[in-house]
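Data first, discussion second: the structure below is written as structure tokens.
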Amino acid sequence: MAGDTFATRPKVSTVSAVQITAEKCWVNDGAIHGSGSNCDDAFVACCGDDTGTTGPVDPVPTVRRSEVLKVKAHFPTIETHPPSDAPMASISQLFPELPDVKVIDIGASPIDGDPPYSALRDADKMDLVAFEPDETQFAALQALNFPRTKAIKAAIGDGTEGVLKICKIPGMTSLLEPDQEVLSHFWGFDIWGKVLSRQPLMTKRLDDIAEAAGAHYLKLDVQGGEFPILQHGTETLKSCVFVHTEVQFVPFYKDQPLFAELDIALRKAGFWLHRFLPIHSRVFKPLMQNNDIYAGLSQVLWTDAVYVRRFTDFPVMAYDALQRIALIAHDLYKSYDLAALALQELDKRDGGDRHPQYLKALTSA
């Protein structure tokens, strides 16, 4: 069924055959889906016939109670498992030769807790250049005193003069003007987006900042200011293999570029969308769900979007770029299949055996 997801955090296991018995299951594009208790967590990545050839199985509309569907799998299968049962925290435990990652964080206020790249810091596999224009949040960032980190008080944009709107809560502060007409439809946002003060400043182009050169991972959380950063950061993007950015589906700010514009810009730069992290929704006033102003219902508003270099470009990609894709995919996003794909390409280059080592490590976890 299109859009169904039974596994949010995969665990890889190798099996030669899988038996699924359930009240109702069906097969589509090689994936087993269903509504029964025994097939909710079953997903077979690739299936084959008795001759050993691989490829998706023919669609089977329904397998009912007491019927057994056998699928011969020639590749590892993916199963759900709790976070506590996750494989090794860092792939660098298995491959310590993987190079470090240079992270650029634009909008590095620590108000939201650990950033998405914190696992790389835990593994001591990253250097960070962090930008934050708000004086209070910049001081909070400096106070954390993270190792291998350079904090810069600057607003990144198009290189022109701008005005930073300091809002009621730091998470709403932006170079753009909050759109109260939109915000007033949802609980809290019209209050949180109230502008308390305005600070004129000169923005800087990402490509003009020497400290940003040679970046591998770009994280953006700038409340509507992502598009000019990408427009004026094309040279910086050339060395990046991942981009993690907040995107909006509904504009919280006047003249705010939305997900569609950012997606076009990143695809033009050679990236494809890899995944959305939790999509946030809210209830329209005056309704409220369970007396909780933070509870969502139907209207999606924003999410974090993760972009990665096109996997079809892996055969022509630089060796160290593939290494960093494997490291970031595993450590930050638990995207074990993407990490394995990058390792497989590395093995083709130098005759290594990282791919089978990696699969063995995952299946033994």
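Nothing in this text is a laboratory measurement; each read-out follows from the coordinates by a stated rule. Quick caveat: nothing in here was measured; it's all calculated off a predicted structure. Backbone-built Cβ (ideal geometry, glycine too); neighbour counts: all protein chains shown.
The table for this structure:
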read-out	value
Gain on full stretching of the segment that runs from ALA89 to ARG349 - 0.36 nm per residue minus C-alpha separation	91.0 nm
Footprinting exposure proxy for CYS240, CYS167 (fewest neighbouring C-beta atoms within 10 Å first)	CYS167, CYS240
Mean separation of Cα contacts under 8 Å (6+ apart) over length of segment 91-349, as relative contact order %	18
Mean Cβ count within 10 Å, highest first, over the residues of peptides 355-362, 126-133	126-133, 355-362
Relative exposure of VAL308, VAL250, VAL316, judged by other C-beta atoms within 10 Å (fewest first)	VAL316, VAL250, VAL308
Global form of segment 91-349, assessed from the alpha-carbon gyration tensor, a/c cut-off 1.5	prolate
Additional length obtainable on full extension of the chain from VAL163 to PHE249, 0.36 nm per residue less Cα span	28.6 nm
Chymotrypsin sites (Phe, Trp or Tyr not before Pro) within segment 259-356: DSSP coil, no more than 12 neighbouring Cβ in 10 Å	TYR294
Nitroxide proxy distance, nm - points 7 Å out along Cα→Cβ at HIS185 and TYR294	2.3
Vicinal HN-Hα couplings computed from phi for segment 152-157 (Karplus, 6.51 cos²θ - 1.76 cosθ + 1.60; Hz; Gly/Pro x)	10, 7, 7, 9, 9, x
Spin-label model distance (nm) - SER118 vs ALA213, 7 Å beyond Cα toward Cβ	3.3
Extension reserve of the ARG267-THR136 stretch, reckoned as 0.36 nm per residue once the Cα distance is removed	43.7 nm
Relative contact order (%) - criterion: Cα under 8 Å, at least six apart; region: segment 144-205	47
Order of VAL182, VAL241 under a 10 Å beta carbon neighbour criterion, fewest first	VAL182, VAL241
